[in-house]
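Q: Just passing along the structure, written as structure tokens.
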Amino acid sequence: MAITTNMPGRPSAVRAAIGHAVAARLEADARMQRLPSDSVQAWRCPGFLDAANCDWLIALIEANRRPSTLLSDAGSGANRTSDSCDMDRNADGIREIDRYIAETLGIAPEHGETMQGQRYAPGQHFRAHHDYFHEGESYWPRMQASGGQRTWTAMIYLNEVEEGGATWFPQGGLRVSPRRGLLLAWNNMAADGSPDMQTLHEGMPVVEGTKYIITKWFRENPWGTRAA
């Protein structure tokens with residue numbers, strides 16, 4: 001069966017099982033708040049990280065940031081204008097936050113990609129995109145060899161933003177404004193384990209202030225190993 005631009009990937013029993021298990025875990029966690037959407041599985045957790053950790057991560061991002069890049073064949077640099085910072089997963093502090101996120105979702109830490117920090121200055125944005133990998137694009141064989149499809153995304157806002165910078169799911173009817181320490185997590189897969197096109201989302205332009213976040217993407221298999 002061919003993959004077309006309208007079909008980003010095939011169903012997968014493995015991914016469906018991951019989605020069900022993580023959703024059940026988040027539903028059972030009293031800290032987590034299910035967001036009101038009929039089409040996107042998403043949760044938020046206020047105060048997930050404390051102020052000291054947020055400030056420390058902001059300093060790391062500032063010290064190590066570089067222009068953000070895109071993986072897609074179709075995108076352009078104008079689609080993502082932020083700066084990014086790849087965190088050292090073995091460094092003290094980062095290792096503990098990494099495991100804290102993974103434990104909250106109930107996903108083995110080995111399935112997580114390197115945590116990435118992002119910085120958005122006024123006017124910067126990340127236009128509408130999906131976090132999952134499109135199986136019809138040229139990068140897909142490399143992604144298969146390094147852990148397979150992305151299943152869940154976990155994002156933490158590190159500071160308040162004076163104006164703008166919300167995360168918007170236009171097809172899911174969700175718009176989440178940055179709040180210091182807030183965790184936002186969502187399932188990139190549909191119920192059958194295929195990529196969920198309804199998870200299209202946008203990092204809206206910052207109007208005033210500077211936005212700092214960290215993002216953690218999880219794969220269907222351990223990151224860095226060949227998918228089955």
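Q: Which condition number does Q171 fail, the rest of (1) in contact (Cβ under 8 Å) with a residue 12 or more places away in the chain; (2) under 24 Å from A52 (Cα atoms) being met?
A: Of the numbered conditions (1) in contact (Cβ under 8 Å) with a residue 12 or more places away in the chain; (2) under 24 Å from A52 (Cα atoms), the odd one out for Q171 is (2).
Q: Does W43 satisfy the condition of being over 23 Å from Q171 (Cα atoms) and either crowded, with 19+ Cβ neighbours inside 10 Å or aromatic (F, W, Y) (or both)? Lay out the reasoning, then the answer.
A: Numbers: over 23 Å from Q171 (Cα atoms): no; either crowded, with 19+ Cβ neighbours inside 10 Å or aromatic (F, W, Y) (or both): yes.
Answer is no for this residue.
Q: Follow-up. Which of the following residues is assigned to a loop (DSSP other than H, G, I, E, B), surrounded by 14 or more Cβ atoms within 10 Å (Cβ to Cβ) and at pLDDT 95 or above: I101, I58, I107?
A: Details: I101 fails: assigned to a loop (DSSP other than H, G, I, E, B); I58 fails: assigned to a loop (DSSP other than H, G, I, E, B).
Just one listed residue meets the conditions, I107.
Q: Failed condition for S72, given (1) touching a helix residue (DSSP H, G or I) at 6+ places or on another chain (Cβ under 9 Å); (2) modelled with pLDDT of 95 or more, with all others met?
A: (2)
Q: Of these, R99, R80, which one is touching a Ser or Thr at 6+ places or on another chain (Cβ under 8 Å) and not small (G, A, S)? Before you say what the answer is, go through the steps one by one.
A: Numbers: R99 fails: touching a Ser or Thr at 6+ places or on another chain (Cβ under 8 Å).
Just a single option satisfies the conditions, and that option is R80.
Q: Please verify whether W43 is aromatic (F, W, Y) and touching a residue at least 60 places away in the same chain (Cβ under 8 Å), treating the condition exactly as stated. Explain how you work it out, then say what you get.
A: Working: aromatic (F, W, Y): yes; touching a residue at least 60 places away in the same chain (Cβ under 8 Å): yes.
So W43 passes the test.
Q: Checking H129 against (1) out of contact with any Lys or Arg (no Cβ under 7 Å at 6 or more places or on another chain); (2) farther than 27 Å from Q198 by Cβ, only one condition comes out false. Which one?
A: For H129, the exception is condition (2).
Q: Just give me the residues in the range 187-218 being more than 17 Å from V176 (Cα to Cα) and either among the polar types (S, T, N, Q) or touching a Lys or Arg at 6+ places or on another chain (Cβ under 6 Å) (or both), in sequence order.
A: The answer is M189, G193, S194, W217.
The values are calculated or read from the model by the stated rules, or taken from the named source; none is laboratory data. Computed from a prediction, not measured in an experiment: that's the story for all the values here. Cβ sites come from the backbone with ideal geometry, for glycine too, and all protein chains shown count toward neighbours.
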